[in-house]
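Beneath this line is the structure, given in structure tokens, with notes to follow.
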Amino acid sequence: MAVASPSKVMTNVEAVRSTLYDALKRDDKAVILGEDVGNRGNVFLITKGFIEEFGPERIIDTPIAEASIVGIAVGMAMEGLRPIAEIQFADFIYPAFNQIVGEAAKTRYRSNGEYTCPMVIRTPYGGGVRGALSHSVSVEALFYHVPGLKIVVPSTPRDIKGLLNAAIEDPDPVLFLEHKRTYRLIKDDVPDEYFTIPIGKANITQEGTQLTVVSYGLYAHQSLEAARKLQDENLSVEVIDLRSVRPMDRNAILDSVRKTHKLLIIHEDNKFGGVGAEISAMVAEEALFELDAPIRRLCCPDVPAMGYALPLEEEYMISTDRMAEEMRAMVRF
Amino acid sequence: MPTTITMPQLGETVTEGTVAQWLKKPGESVEKYEAFVEVSTDKVNAEVPAPVTGTIKELLVKEGETVATGTPIAVIEEVGAAASSARSTPAAEKAEANKQASQEPVPGKSDAPVAPAPAATAPSNGSHAGQAVSSEASLRGASPAVRRLAREHHIDIAQLKGSGQNGRVTADDVLAAARMGPAAAVGQAISAKPIPADGKSSYGDPIPGTTIPLNQARKIIAQRMVESKRTAPHAWSMVEVDVTDLWKWRTREKDRFVRDHGHSLTLLPFFIRAVIEAIGAFPLMNAKFTDEGIYVNKEVNIGIAIGLATNLVVPVIKNADKLSIKGLALAAGELIDKARRGKLGVDELAGGTFTVNNNGANGSYASAPIINGGQAGIVTMEAVVKKPVVTKDDAIAIRSMMNVCLSLDHRVVDGYVASGFLADLKKRLEAMGPDGAL
């Protein structure tokens, strides 16, 4: 960039808030609905002050009824509004499953293109915040099987702004997953101006030659940190932050594997049938003869929930050291 | 399951080999890739690795006996081979045959091209290189990428030394072997032995009281040496250079360099760079004596003297002054690889304007080289030695020191220019490192 455009340093949660605010200012068809988004200003204070500025018709406090939140949003979207529905925690999204999978994702197809469903469903997900059983889940694998639904998992403030703008602009439903551990942990420069980042485009956060690591969300940061640590040991790891899990940036992954010949996938969601399973299958189909080692997936355990006790949570989550260890083993394989 | 081992073909024109020494006796066990016999030919002595793990069952050829390539020389009883080995043996034999066909001449090729002689043999390329394939057995455990790359680059995986876990051959190993060419790939396993101190084997097997006939290469070397020594009055000078910082720089860069570029990073490219810069300050060192006068060369083409078992070649880095240290390292690495494989083209041996001789590798401390005809000088890098040195402030420090020797054509330059050139070269070398960009 020749001229540095004006920018602000903000956290991930501030990036969500400021992007939503700009969207409401920019387009009076944009509305926000969800539990505690109005007077309470959202549990993370993302929408604090919005109801005063934009009024209760655009900032809608809903009952604790997730199916209704998404169902109403589907109707709004079909009739020309730009609803941004919030599920307070991803752990509560299950009642809305039918509305998301059975309605939102199928609207365009069912109506032969007459109706589309331009809506965003935002929800905080992920663990590492002592959220225990009902404030820790990763839900991407439950939804990424569904054609017609886009799923975005940005990890940085800049990506949040660019991808949230793209999601709001998108003519079809987008599930927008925000890792809550990164909310106040990750801080970076965000351009003031309006911009979008294409949904389905990954970001290579570090180039390397000996191993490709694919991750997203909180672990995009930790895997990058681990890869940087390995640099001191002269091990060269390429790190890809997926940013979107569907559509998935297949070319970014395949090009990288063609270069490094080794692939490690790291995600917080449990392994069985997770996003890593799809990536493994895709690479095995498209680039088997590039592989110089078995594909490995480093994922959280296949157990029903994360424990509340700190040792249990730590045992469940993947430490940066474990990531580095796994990367080392793969480079040396 | 017994595996029959045949006399390998150590070079494309070699048709027979002599069992110089059995390194294993019948009944002894042998590991796959372990050397079990030393074979000598008129070109090279090589230790031959066992293709399988097992026990030596039978030695079919006596020491000192010469047999045609492909002749069975030993039988190894393979261990740990289940029923599948019965199937794999014919394949392994086929692979063995292919492997032999793929072997390129090893260093010491007596008809390799000689320093800028136009009579140099054109490199004869192994069109059969494409036949190198990996046997079924060697593919076991090879990753899909290794299989594909080995196929594409005609490399037999069984011949490679693996750098991966438990000696696994990695994709990088195959790529590195591909960069070095098929002969080098073989060379990793069948290592050509260094020339013995008594000079045996570099000229066949010299028998006291007999005359070794001159081959073409030896004739040309002899002729050019005499001519240079007769026509150019040689003068000689030496400086001692502190390369401590340069050594540190090179040491820090070398591992990454070989990984990124597949060539090792020696002191040579740094030295050539310093020589080029010193030539820039003293262009008369890049000149030649003619009957019409002293012709000062426009181009700076640096010859690198490379000693092989039976001869000497001096390939040339053209327009070396346009190259960075990294560029010089790559160019020199390429030429050295080619020289060792006997693959230098005539054009790569001609046009030198100044010559550098890395003489210190075997510990030489000072030498008086003969100038490459038609040039003003030749400079050597002698061994880097740690020495106690008196520093400027009269303290004693341990420093890495290297002698640099210059032979000059006294018709072209006098001591004044030559010593100025050497002093300049010394200053530049001592200013290199401990940090910098290659």
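The values are calculated or read from the model by the stated rules, or taken from the named source; none is laboratory data. Remember, predicted model here, so these are calculated numbers, not experimental data. No Cβ is skipped: glycine too gets one built from the backbone with ideal geometry, and neighbour counts run over all protein chains shown. Quick note on the areas: whole protein, heavy atoms, side chains included, nothing else; ligands and nucleic acids left out. Shrake-Rupley method; radii C 1.70, N 1.55, O 1.52, S 1.80 Å.
Tabulated results
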item: Selection from the stretch B:254-307 of residues that are assigned to a loop (DSSP other than H, G, I, E, B) and over 18 Å from B:Ile325 (Cβ atoms); result: B:Phe282, B:Thr290, B:Asp291, B:Glu292, B:Gly293, B:Asn297, B:Lys298, B:Glu299
item: Residues of the stretch B:380-395 satisfying the condition of being part of a loop (DSSP other than H, G, I, E, B), at pLDDT 90 or above and open to solvent by less than 50 Å² (accessible area, probe 1.4 Å); result: B:Ala395
item: Among residues of the stretch B:236-274, those that are among the aliphatic types (A, V, I, L, M) and out of contact with any helix residue (DSSP H, G or I) (no Cβ under 7 Å at 6 or more places or on another chain), counted; result: 2
item: Residue in the stretch A:226-236 that is in contact with a helix residue (DSSP H, G or I) (Cβ under 6 Å, 6 or more places away or on another chain), more than 14 Å from chain B (Cβ to nearest Cβ) and of a type in the set (Gly, Ala, Ser) present; result: yes
item: Residues (more than 10 Å from chain A (Cβ to nearest Cβ) and at negative phi) located in the stretch B:153-174; result: B:His153, B:Ile155, B:Asp156, B:Ile157, B:Ala158, B:Gln159, B:Leu160, B:Lys161, B:Gly162
item: A:Val137 being open to solvent by 10 Å² or more (accessible area, probe 1.4 Å), within 24 Å of A:Glu278 (Cβ to Cβ) and of a type in the set (A, V, I, L, M); result: yes
item: Residue within the stretch A:318-329 that is within 14 Å of chain B (Cβ to nearest Cβ), closer than 25 Å to B:Ala150 by Cβ and buried (at least 18 other Cβ atoms within 10 Å of the Cβ) present; result: no
item: Every residue from the stretch B:309-330 that is open to solvent by less than 30 Å² (accessible area, probe 1.4 Å) and more than 18 Å from B:Ile371 (Cα to Cα); result: B:Thr310, B:Ala320, B:Ile325, B:Gly327, B:Leu328, B:Ala329
item: Selected residue (only one of A:Arg158, A:Arg130 is open to solvent by 10 Å² or more (accessible area, probe 1.4 Å) and modelled with pLDDT under 95); result: A:Arg130
item: Residue that is nearest to the chain's Cα centre (by Cα), among those in the stretch A:131-162 that are more than 26 Å from A:Met317 (Cα to Cα) and among the aliphatic types (A, V, I, L, M); result: A:Leu149
item: Filter result (surrounded by fewer than 18 Cβ atoms within 10 Å (Cβ to Cβ) and hydrophobic (A, V, I, L, M, F, W, C)) within the stretch A:45-71; result: A:Leu45, A:Ile64, A:Ala65, A:Ala67
item: Candidates B:Gly377, B:Gly333, B:Gly351, filtered to the one that is touching a residue at least 24 places away in the same chain (Cβ under 8 Å), more than 21 Å from the chain's Cα centre (by Cα) and crowded, with 17+ Cβ neighbours inside 10 Å; result: B:Gly377
item: Residue list for the stretch A:254-303, restricted to those being within 13 Å of another protein chain (Cβ to nearest Cβ), open to solvent by less than 50 Å² (accessible area, probe 1.4 Å) and out of contact with any Pro (no Cβ under 7 Å at 6 or more places or on another chain); result: A:Val257, A:Thr260, A:His261, A:Lys262, A:Leu263, A:Val283, A:Ala284, A:Ala287, A:Glu290, A:Asp292, A:Ala293, A:Ile295
item: The stretch A:250-285 - residue that is touching a strand residue (DSSP E or B) at 6+ places or on another chain (Cβ under 8 Å) and acidic (Asp, Glu) and, of those, farthest from A:Glu326 (Cα to Cα); result: A:Asp269
item: Pair list, Cβ under 8 Å, 6 or more apart: the stretch A:32-47 residue among the β-branched types (Val, Ile, Thr), other residue open to solvent by 50 Å² or more (accessible area, probe 1.4 Å) and assigned to a strand (DSSP E or B); result: A:Val37/A:Asp61
item: The stretch A:109-127 - residue that is over 17 Å from A:Glu86 (Cβ atoms) and touching a helix residue (DSSP H, G or I) at 6+ places or on another chain (Cβ under 7 Å) and, of those, surrounded by the most Cβ atoms within 10 Å (Cβ to Cβ); result: A:Gly127
